Amino acid sequence: NAGVTQTPKFQVLKTGQSMTLQCAQDMNHNSMYWYRQDPGMGLRLIYYSASEGTTDKGEVPNGYNVSRLNKREFSLRLESAAPSQTSVYFCASSAPTGVKGEQFFGPGTRLTVL
Amino acid sequence: GEDVEQSLFLSVREGDSSVINCTYTDSSSTYLYWYKQEPGAGLQLLTYIFSNMDMKQDQRLTVLLNKKDKHLSLRIADTQTGDSAIYFCADDYSGTYKYIFGTGTRLKVLA
């Protein structure tokens, strides 16, 4: 039972390049989330998916797209990376049972855009 | 929009108690959470409190909620070096579970 996995762990991009961050969970959770973490700003929600087949914008969606490929996988795409997107990206998932609203986080992807 | 605020740093001596504070603006939160982030890792749920409770105790952890003042605190008794981490307060944003996180408080425990 791996929980939430993210790939890659580290990535360096040049301005204008594109990439996809991958996330998968094996806990049969309905909801999945993408956050970015910046110093002094906590975590901010980029996009979330309440259930398979649905996605919705969070607080900071500009410059990102997402795909909920199936119940397990939720990917985040940067179409044209900008230095302002340098951050640590976390994927999380949650289920309606258990501790209400508890989110389980992946280890993060550290992205640098030059 | 709703907001959650925390102080950025706290330093305590090993064996002392730590108190991390948080204020929030959401009047309709159902649950409030404390998450812990160790270096290079994701966040893990430490504890949580239902919004109609005033206090919750869980071993060395005590959560106090003042709903009138929208103030949440986390007390760690007998703080150990292994408690050094960043602690995030989070609000479930009116029960939607689209969390609003605070900035995180970096706790440093001095031996």
task = Sort B:Ser27, B:Ser73 so the one with the fewest other Cβ atoms within 10 Å of its own Cβ comes first.
result = B:Ser27, B:Ser73
request  = Treating only the Cβ atoms of Lys and Arg (+1) and Asp and Glu (-1) as charged, compute the dipole magnitude of the protein assembly as shown about its Cα centre; round to the nearest 20 debye.
outcome  = 380
task = Counting residues in chain A as N, plug N into 2.2 N^0.38 Å and put the Cα Rg over that result.
result = 1.01
message = Over 5 Å intervals from 0, what percent of Cα-Cα pairs in segment B:57-109 sits in each interval?
response = 5, 16, 21, 26, 19, 10, 4, 0
task = Provide a whole-number value for the mean count of partner chain Cβ atoms within 10 Å of the Cβ atoms in peptide B:95-103.
result = 6
request  = Give me the compactness ratio for chain B, meaning the Cα radius of gyration over 2.2 N^0.38 Å.
outcome  = 1.01
remark   = Given pairs A:Lys71/B:Lys98; A:Lys14/B:Lys108; A:Lys71/B:Lys70 and cut-off 27 Å on Cα-Cα distance, the over-length ones are A:Lys14/B:Lys108; A:Lys71/B:Lys70
query = Could you list, bin by bin from short to long, the percent of Cα-Cα pairs of segment A:46-98 in 10 Å steps?
reply = 21, 53, 22, 3
Relative pair counts by distance (%), Cα atoms of the protein assembly as shown, 10 Å bins = 8, 33, 35, 19, 4, 0
inquiry  = Just to be sure I understand: of the beta bridges DSSP finds with both ends in chain B, what percent are antiparallel, rounded to 5?
reply    = 90
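FYI, it's all coordinate maths here, none of it is from the lab. Predicted, not measured: the structure shown is a model, and the values here were computed from it. Cβ atoms come from the backbone with ideal geometry, glycine included; neighbour counts cover every protein chain shown.
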